[in-house]
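Okay, structure first, notes after.
The values are calculated or read from the model by the stated rules, or taken from the named source; none is laboratory data. Since this is a predicted model, take the numbers as computed values, not measurements. All Cβ positions, glycine included, derive from the backbone under ideal geometry; neighbour counts span all protein chains shown. These accessible areas exclude ligands, DNA and RNA; they are computed on the full protein's heavy atoms, side chains included. Shrake-Rupley method; radii C 1.70, N 1.55, O 1.52, S 1.80 Å.
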Amino acid sequence: MEFRLSDEEAAFQAAVRRFGDRVLRPHERAIDAEGRIPDEVLRAMAELGLLAMPVPTEYGGMGASAVLTELAAEEIGRGDFSMATAVFFLLEAGWGYLLSKHGTEEAKREVLPPVCRGEAFLGIATTEPTGGSDLANLRTTARRDGAEFVLHGEKAFVSGVEEAKRLGGGHLTLAKSSAGGFDFLYVPTRTSGVATQRFENMGRMGISTGGLTYSDVRVPERYLVGAEGKGFECAMEGFSVARTFVSAACIGAAERALETGRAYIRERRAFGQPLGKFEAIQFELVDLWTQVEAVKWQCRRAAWLLDTYPLKGDPSHRSEVDLAVASVKLTAPPIAFECVKRVMMWFGAAGYTKDVGLELGFRGIMSYLVGAEGGLNIMRIILGRELLGKEFLPYK
Ligand SMILES: Cc1cc2nc3c(=O)[nH]c(=O)nc-3n(C[C@H](O)[C@H](O)[C@H](O)COP(=O)(O)OP(=O)(O)OC[C@H]3O[C@@H](n4cnc5c(N)ncnc54)[C@H](O)[C@@H]3O)c2cc1C
């Protein structure tokens with residue numbers, strides 16, 4: 001067992017932290033206010049190799065391990081507290097990795113290099129207006145027609161709809177297959193028959209969330225990801241990866257909140273002494289730090305498991321990965337939210353202002369409590385299934 005980062009990992013972590021401090025922090029308020037990540041920020045990320053970083057080098061990525069990607073996600077969550085850059089980063093890392101693993105050679109050569117250069121966006125479209133948790137009952141259909149698939153249906157609350165239209169790119173899209181089961185298809189947003197709609201969110205404003213409507217959308221078979229009819233398993237594999245990076249971004253944001261709070265309670269005085277001397281506040285800091293530290297190592301272990309076991313390998317490994325990922329996705333967003341909330345309260349009235357900036361994290365992290373990348377109860381269902389067996393699933 002080795003808990004220390006390797007020299008290479010520590011140097012990379014330091015480089016991404018510098019990028020977060022010098023590039024993301026100065027831009028985060030504008031990212032939130034203007035509703036997009038500036039092109040120069042994306043260019044800087046591409047130069048550092050941060051875009052879709054687990055994608056193998058032959059497709060333009062850096063072939064990074066899940067552990068290295070996890071470390072980067074922590075730093076990006078710490079750098080842009082609104083979480084918008086973290087979302088952009090982790091979607092491309094998770095779903096870029098999945099496409100590189102299960103896509104056709106032609107699709108990988110066509111789609112991944114521009115994503116890694118920041119010239120196209122890649123995301124995921126599973127949720128529909130009728131719901132996102134119960135994916136087995138989704139309604140979008142994919143009918144095979146010769147060497148094409150014809151898509152009909154509607155997706156909702158999808159991240160990056162505007163980015164994929166503006167930059168190019170698209171979403172890995174889950175649909176009911178005419179072959180039985182589900183197909184997982186890369187659908188470029190600029191395809192004829194695809195319409196987008198932007199939703200007005202309360203946070204992480206720098207990346208759009210919206211709807212996608214498919215009317216007679218023809219997708220070539222080279223865009224099929226995984227085997228025909230086996231798309232559900234493929235999507236679930238991608239969620240394991242993306243949820244690990246979501247959790248890492250939340251941990252980075254939690255650490256940022258605690259750093260901000262720790263500096264403040266050393267200086268701010270009440271009743272003749274620094275706030276940090278009052279145990280009511282000092283012990284809150286200690287308890288929160290302890291929980292963040294625990295979930296951070298839980299998250300790094302989840303990433304290590306992703307690197308160590310091929311996801312589709314031995315079922316006992318599959319179960320170990322599911323337990324690790326679901327438990328970290330269950331704990332990281334709530335503890336990050338709690339850190340931000342508590343630190344806001346240490347700041348008193350100032351915590352409620354935009355000047356202090358804690359509200360950016362408050363609004364951004366909330367997206368992971370309401371459901372992005374799977375609701376907390378869905379994590380509990382996965383954990384219950386693994387701990388008790390499939391016969392204890394709360395539905396048929
Ligand atoms: C900012 C943001 C960005 C998003 N980006 C994407 C994206 O890029 N692509 C995409 O496909 N989706 C995206 N989503 C959607 C996300 O995946 C869904 O919100 C999530 O899957 C939950 O689906 P739902 O919102 O339809 O809630 P529902 O499925 O309607 O569930 C509502 C609530 O009930 C709970 N619940 C559901 N079933 C059970 C059960 N059996 N037992 C107990 N509780 C249950 C859920 O946990 C949730 O709290 C995004 C969401 C947000 C907020």
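Quick notes on this one:
- Test: A52 is touching a Phe, Trp or Tyr at 6+ places or on another chain (Cβ under 7 Å), open to solvent by less than 10 Å² (accessible area, probe 1.4 Å) and under 18 Å from E237 (Cα atoms): no
- Count of region 174-210 residues which are more than 13 Å from the ligand (Cβ to nearest atom) and more than 23 Å from S133 (Cβ to Cβ): 10
- Cβ pairs under 9 Å, 6+ apart, first in region 278-301 and closer than 30 Å to A66 by Cβ, second open to solvent by 80 Å² or more (accessible area, probe 1.4 Å): W289/R262; W297/F3; R300/F3
- S159 within 12 Å of the ligand (Cβ to nearest atom), outside the structural domain of F245 (by TED's automatic domain parsing), open to solvent by 40 Å² or more (accessible area, probe 1.4 Å) and within 20 Å of the chain's Cα centre (by Cα): no
- Among the residues making up region 255-267, those that are within 13 Å of M345 (Cα to Cα) and either open to solvent by less than 30 Å² (accessible area, probe 1.4 Å) or in contact (Cβ under 8 Å) with a residue 24 or more places away in the chain (or both) are A257, L258, T260, G261, Y264, I265.
- Some residue of region 9-24 being more than 19 Å from the chain's Cα centre (by Cα), touching a residue at least 60 places away in the same chain (Cβ under 8 Å) and over 27 Å from A120 (Cβ atoms): yes
- Checked across region 102-118, the condition of being open to solvent by 30 Å² or more (accessible area, probe 1.4 Å), within 15 Å of the ligand (Cβ to nearest atom), within 20 Å of the chain's Cα centre (by Cα) and not hydrophobic (A, V, I, L, M, F, W, C) holds for no residue.
- Residue that is most open to solvent (accessible area, probe 1.4 Å), among those in region 221-244 that are part of a helix (DSSP H, G or I) and of a type in the set (K, R): R222
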